[in-house]
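The values are calculated or read from the model by the stated rules, or taken from the named source; none is laboratory data. Quick caveat: nothing in here was measured; it's all calculated off a predicted structure. When we count neighbours, we look across all protein chains shown, and the Cβ atoms used for this are built from the backbone with ideal geometry, even at glycine.
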Amino acid sequence: MKQHAILRVTSKVLIPYILLFALYVQFHGDYGPGGGFQAGVIFAAGIILYGLVFGLNAARIIAPPSVLERLIALGVLIYTGTGVATMLAGGNFLDYTVLQYGVFDGTVLADHLPQGQHLGILLVELGVGITVAAVMILIFYSFAGRERSR
Amino acid sequence: MEQHLPVLLIITPLIAAPLCVLVRQRVAVFGLALAVCWAVFAMAIMLLARVLDSGEITYQLGGWAAPWGIEYRIDTLSAFVLLFVSGIGAVVLSFAPHSIAREIRKDQHYLFFTEYLLCLTGLLGITITGDLFNLFVFLEISSLSAYALISLGARGGVPKTRRALIAAFHYLVMGTIGATFILIGIGLLYMMTGTLNMADMAVRLRETVEINGSFKQVNETRTVLVAFAFLSVGISLKMALFPLHMWLPNAYTYAPSVVTAFLAATATKVSVYILLRLIFTIVGAGFAFERLPLDTELMVLSMIGIVVASVTAIFQTNIKRMLAYSSVAQIGYIALGISFASPDGLTGAIVHLFNHALIKGGLFLAMGCLVLRLGSTELDDMRGIGRRMPWTMFAWVVGGLGLIGVPTTAGFISKWYLISAALERGWWPVAVLVLLSSLLAVAYVWRVVEAAYFQDAPEQHAEVTEAPVVMLIPTYALIGATIVFGLWTSVSAGVARQAAELLLEVTP
């Protein structure tokens, strides 16, 4: 791809915005459309675009497969960890309302989402986002790297 | 923490699985997985005790009340299935270290434990949940990890072939078709009832609604008929009911021994559990057996399945494949028991879930011992092995007797219930067929006995010695259990009867 200057320049310009948009979808998911899954896919798309234009090896340097594998596990742990935290706080598994009293002082502000629910869904979606992004990139690596490993 | 027991049962292996990926170190991962599996087994025992003591237990995830939120609901049947799935999971994992050292590449060991725990999570989740969509999600968790587990046999597997990949892919294609059918069925039911909670759905299916100017019950609509058709075909594929069993023999033959033992003992059984839930809890036996001819259908297919699969088993030269075909036949017995729709028949089906899990689990663990020492699963290589590996072969023979249904083994108890259910209905040909199929089992078990005890060992196996004790102990735990539960039936058959009566009772 060395000769495709236009592709290289445009993707260099685009990739930061793709990643930024992923973060927007991730953290705005509890107010509007979006959430962890969509954000994870968009984030992975940014990395995959980088891999397509600058080569698989370059992508493997910025997102090493061994790190991705651990991130997949970490995301699941964030999700289940949130559930365990709500159980320790005295509620059922994934009952975010108890976070309202455990983490915050328990008052629900006017014109505001209940903070416990908000925090709970934010953490869970973060876990989903991390796992989905890592899985997407790893799937791309396994397909793109097939010939090489032979 | 007592009231959180239902969810702890699911999330303990679910949390341990990603931890295995983070830890990676082989010994530590094995220790973690082993501790988790036995802890889950202990929790399942506590749950069964509580259910028998005080009746149904429910747990609301996220604190959302039942028809809206996801609910875990444990009655006698689910507690019983949870018990033996987690028990088999713990015993088979205890067997694993030596076996996977031989059959799975070293750098993939932590993946094996991760997938094993995920598969266990999925199977337990299917059994515990009271929400139909949640059931589908757990079904996918268990199936996807099962495909990956089977494909682990492709590298460093015994015998050295990469056919495990094709077998896993075949299973993936068939399993995905099954899962898609199940999802379509769930979607159609959701469309007609507006609920995913099984108990709520059962109520709403019997409500009267106005459709195109005429009043009828929801379950009289064509949409529900189509949903039921999709669901029953999808589940039959998953439980390998003849003639939808084509994925099973290769998957069991080429998977690593530990994986075969675990999946053969649990995966198809849990699919049968889904079928029981669908028929008796959701649509009702009246709908499935009187309005629709599912009972006749199950009976015909299971009887053909029993004979065809048993005869096919006789002609196999690969013992793992022979046992796989025998599994198809055993699923036939279970389906036959369901088709009677009587307390005896259903008890026979449920208790055979349990008994067959023990018998096949034990047999495949014995196969794991043989593979470790022989590096082969061919009948020819088993010649004379009875003298070189007496303990392993003795376990195999006892398991084989269980398959035949010899008195004092667990297999006898199941067949006793099936035959008495058939006689109760006056269906003599069915009873005769069950007895005749036992003779077919004698034929395929005898072929192995003859080779192992009455033929001389080939020269290349002169050095073969007995399997290590740490592998024999789990093998004998399962094989011993088939004798224990053949003599002492109050836990297995007693609980199964209670579960069967509860299922038939809720049927209007």
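Yes/no matrix, rows are residues, columns are (1) within 14 Å of another protein chain (Cβ to nearest Cβ); (2) closer than 30 Å to residue B:23 by Cα; (3) at pLDDT 90 or above:
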{"site": "A:18", "(1), (2), (3)": "no, no, yes"}
{"site": "A:32", "(1), (2), (3)": "no, no, no"}
{"site": "A:42", "(1), (2), (3)": "no, yes, yes"}
{"site": "A:49", "(1), (2), (3)": "no, no, yes"}
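For the range B:385-419, how many residues meet the condition of being buried (at least 16 other Cβ atoms within 10 Å of the Cβ), under 24 Å from residue B:497 (Cα atoms) and hydroxyl-bearing (Ser, Thr, Tyr)? Of the residues in the range B:385-419, 3 are buried (at least 16 other Cβ atoms within 10 Å of the Cβ), under 24 Å from residue B:497 (Cα atoms) and hydroxyl-bearing (Ser, Thr, Tyr). Considering every residue within the range A:83-92, establish whether at least one is crowded, with 19+ Cβ neighbours inside 10 Å, more than 14 Å from every other protein chain (Cβ to nearest Cβ) and closer than 30 Å to residue B:113 by Cβ. For the range A:83-92, residues crowded, with 19+ Cβ neighbours inside 10 Å, more than 14 Å from every other protein chain (Cβ to nearest Cβ) and closer than 30 Å to residue B:113 by Cβ: absent.
Please specify each residue of the range B:18-59 satisfying the condition of being touching a Phe, Trp or Tyr at 6+ places or on another chain (Cβ under 9 Å), surrounded by 20 or more Cβ atoms within 10 Å (Cβ to Cβ) and within 23 Å of residue A:127 (Cβ to Cβ). Result: B:20, B:21, B:29, B:33, B:59.
Of the residues screened, residue B:169 is one that is surrounded by fewer than 18 Cβ atoms within 10 Å (Cβ to Cβ), modelled with pLDDT of 90 or more and more than 22 Å from residue B:72 (Cα to Cα).
State whether one or more residues within the range B:258-273 are over 14 Å from the mean Cα position of the chain (by Cα) and buried (at least 22 other Cβ atoms within 10 Å of the Cβ). Within the range B:258-273, one or more residues are over 14 Å from the mean Cα position of the chain (by Cα) and buried (at least 22 other Cβ atoms within 10 Å of the Cβ).
Out of all the residues in the range B:220-236, is one or more polar (S, T, N, Q) and in contact with a His (Cβ under 8 Å, 6 or more places away or on another chain)? No. Residues in the range B:102-117 that are under 20 Å from residue B:40 (Cβ atoms) and acidic (Asp, Glu): B:115 alone. Given the residues A:61, A:78, which is the only one that is away from chain B (no Cβ under 11 Å), part of a helix (DSSP H, G or I) and out of contact with any Ser or Thr (no Cβ under 7 Å at 6 or more places or on another chain)? Exactly one of A:61, A:78 is away from chain B (no Cβ under 11 Å), part of a helix (DSSP H, G or I) and out of contact with any Ser or Thr (no Cβ under 7 Å at 6 or more places or on another chain), namely A:61.
A quick yes/no check of all residues on (1) without any contact (Cβ under 8 Å) to a residue 60 or more places away in the chain; (2) more than 14 Å from chain A (Cβ to nearest Cβ):
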position: B:8; (1), (2): yes, no
position: B:15; (1), (2): yes, no
position: B:23; (1), (2): no, no
position: B:53; (1), (2): yes, yes
position: B:78; (1), (2): no, yes
position: B:85; (1), (2): no, yes
position: B:92; (1), (2): no, yes
position: B:103; (1), (2): no, yes
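Would you check if there is a residue in the range A:3-13 being away from every other protein chain (no Cβ under 14 Å), within 30 Å of residue A:116 (Cα to Cα) and either surrounded by fewer than 17 Cβ atoms within 10 Å (Cβ to Cβ) or not charged (D, E, K, R) (or both)?
So in the range A:3-13, the residues away from every other protein chain (no Cβ under 14 Å) come out as A:3-13.
From the residues that got through so far, the ones that are within 30 Å of residue A:116 (Cα to Cα) too are none.
The answer is no; no qualifying residue exists.
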